[in-house]
Amino acid sequence: MKKELQFKEINKLTEEHYQLLLDADPSRKMLMNYTKRSICIEARQEEVFSGVMLLLPTRPETIEIVNIAVVKQFRNHGIGQRLLKYAQNWAKQKGYRVIEIGTGSTSFGQLYLYQKNGFRIYGIDKNFFVEHYERPIFENKLRLRDMIRLRLYL
């Protein structure tokens, strides 16, 4: 049986939130830029902070998940998938028709998770991580260069 997971929209991020968000996006500069404009959803499992997600309205009827991260000890327990489902329900209630998300071309686990949850690839931002990040990022023994863009129609 899955443990109770509560979601809450929060207005003020703590250092604990920022540290977890930096796991998913290592650029504090990029993070600070989009957190100011995002809606933050926190996940708690039995009162314990377990994940966070940032939603950013980008175009009419479109919202983007600009960051989603799960606390290391809770990974691979379905919390990421439950955050994605929460985002879908939240977006529908708010009148959005499209959810977008971007991830690294070397982020194999994330690509699998997003596609398993109905997101489909619609584009590639070539050299995104080369042009927007000061230091090279390596993931799965590969240099991260491109962002894969995915979309889900609600």
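The values are calculated or read from the model by the stated rules, or taken from the named source; none is laboratory data. The structure displayed is predicted, hence computed values, not measured ones. Heads up: the accessible areas ignore ligands, DNA and RNA and are worked out on the full protein's heavy atoms, side chains in. Shrake-Rupley method; radii C 1.70, N 1.55, O 1.52, S 1.80 Å.
Results, tabulated for the structure shown:
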{"read-out": "Aspartates and glutamates whose Cα lies under 17 Å from that of residue 8, excluding same-chain neighbours fewer than 8 positions away", "value": "16, 42, 46, 47"}
{"read-out": "Mean separation of Cα contacts under 8 Å (6+ apart) over length of the chain, as relative contact order %", "value": "18 percent"}
{"read-out": "The chain: mean projected area of Cα convex hull, nm²", "value": "9.2 nm²"}
{"read-out": "Exposure ranking of 37, 143, 151 by accessible area [1.4 Å probe, largest first]", "value": "37, 143, 151"}
{"read-out": "Accessible-area composition of the chain, carbon plus sulfur, in percent [1.4 Å probe]", "value": "49 percent"}
{"read-out": "Order of exposure, largest accessible area first, which applies to 108, 128 with probe 1.4 Å", "value": "108, 128"}
{"read-out": "GNM flexibility winner over the chain from 80, 95, 109 (Cα, springs under 10 Å)", "value": "109"}
{"read-out": "Accessible surface, the chain, averaged per residue in Å² (probe 1.4 Å)", "value": "60 Å²"}
{"read-out": "Aspartates and glutamates whose Cα lies under 20 Å from that of residue 126, excluding same-chain neighbours fewer than 8 positions away", "value": "25, 64, 100, 134, 139, 146"}
{"read-out": "Karplus 3J(HN,Hα) series, Hz, for the range 133-148 with 6.51 cos²θ - 1.76 cosθ + 1.60 (x for Gly, Pro)", "value": "10, 5, 10, x, 10, 10, 9, 6, 6, 10, 6, 7, 10, 9, 9, 8"}
